[in-house]
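Each remark here refers to the structure printed beneath this line.
The values are calculated or read from the model by the stated rules, or taken from the named source; none is laboratory data. Please read these numbers as outputs of a predicted model, since none were measured by experiment. A quick note on method: Cβ atoms are made from the backbone with ideal geometry, for glycine too, and the neighbour counts reach across all protein chains shown. Protein only, heavy atoms only, side chains kept; ligands, DNA and RNA dropped before computing areas. Shrake-Rupley method; radii C 1.70, N 1.55, O 1.52, S 1.80 Å.
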Amino acid sequence: MADSLNTPDAPRHVPGISVRHTRAKGEPRFPDGPKADPAGSHFERRIRSFQPRRSRVTSGQADALQRLWPKWGLDIDGQQVIDLGDLFGNDGPVVLEIGFGMGEATAAMAAGDPGTNILAVDVHTPGQGNLLNLADHHGLSNVRVGNGDAIILLREMLRPDSLDGLRVYFPDPWPKKRHHKRRLIQPEFLSLAATRLKPGAIVHCATDWEPYAEQMLEVLTAHPDFENTCPEGGFAPRPGFRPLTRFEGQGLDKGHVVNDLLFRRVQHREQQ
């Protein structure tokens, strides 16, 4: 990734903001930032495809969470259907990205295609702050950061045919066989996503875990709502718009094979 989109230097300390502040019991970590559990107990308990990760938040990330969450953040509480035009302030196409890590790749893609809005969802607080910091530093007004469960977002908060694309890059592979049920790319997930994707929208997945790549290919190929954009089938070359991330580079250095999958949401005859 270009150095111009690396994490900016942390800003000077802002009075009243401290990542070392000792909070009283029940006091929110970031009063004006993302909620710890936005959906709460409103929805059924089910097997999750993700694990919330709590790690140290830098002063720059904390500052971004406090300043920018009210402007560019979205808590996924499942209590409202959102208007994506209102969320972004324009009627441009919207791509949902599930799991963005520290946000460097998301920021690079947003900078490279400013006409496309990216709704990036994750549960990693430092990553949320880092992406907000990057968006602010580079003037990326086409990024919004979602906090919470993407399944609830898709099922409860997005309108049918509202998305122009879906990106799932390097999701947790859950390598142990007994954990395969936790993998995100499953037939049920694709059926839900298909209801929110416009006909012709692209689902783009990438993974460096070859057994998961094979499962993704099998599940997507078998699903009636999607077709492979590669005429010969199989995996796709990495498209130029997907940056090579540091995580991916480390995997390649270790000899990992990275596979991309690009599938199109088909329009069935009864939908025409």
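Working only within the stretch 86-115, note down all residues that are charged (D, E, K, R), outside any loop (DSSP other than H, G, I, E, B), in contact (Cβ under 8 Å) with a residue 40 or more places away in the chain and surrounded by fewer than 23 Cβ atoms within 10 Å (Cβ to Cβ). Steps first, please.
Our first condition is that a residue be charged (D, E, K, R); within the stretch 86-115, this holds for 86, 91, 97, 104, 113.
If we keep only those that are outside any loop (DSSP other than H, G, I, E, B) as well, we get 86, 97, 104.
Right, trim to in contact (Cβ under 8 Å) with a residue 40 or more places away in the chain and you get 97, 104.
Residue satisfying the conditions is 104 alone.
For the stretch 239-272, enumerate the residues that are within 20 Å of residue 211 (Cβ to Cβ), open to solvent by 70 Å² or more (accessible area, probe 1.4 Å) and at pLDDT 95 or above.
Hits for the stretch 239-272: nothing passes.
Looking only at the stretch 125-141, how many residues end up being under 22 Å from residue 91 (Cα atoms) and buried (at least 23 other Cβ atoms within 10 Å of the Cβ)?
Step one: filter the stretch 125-141 for residues under 22 Å from residue 91 (Cα atoms), giving 132, 135-136, 138-141.
After this cut, where a residue has to be buried (at least 23 other Cβ atoms within 10 Å of the Cβ) as well, the list is 132, 135.
Total satisfying the criteria: 2.
Out of all the residues in the stretch 156-178, which are under 15 Å from residue 207 (Cβ atoms) and open to solvent by 50 Å² or more (accessible area, probe 1.4 Å)? Before you say what the answer is, go through the steps one by one.
So the first thing to find is which residues in the stretch 156-178 are under 15 Å from residue 207 (Cβ atoms), and the list is 166-175.
Once the filter is applied, which keeps residues that are under 15 Å from residue 207 (Cβ atoms) and open to solvent by 50 Å² or more (accessible area, probe 1.4 Å), the stretch 156-178 yields 172, 175.
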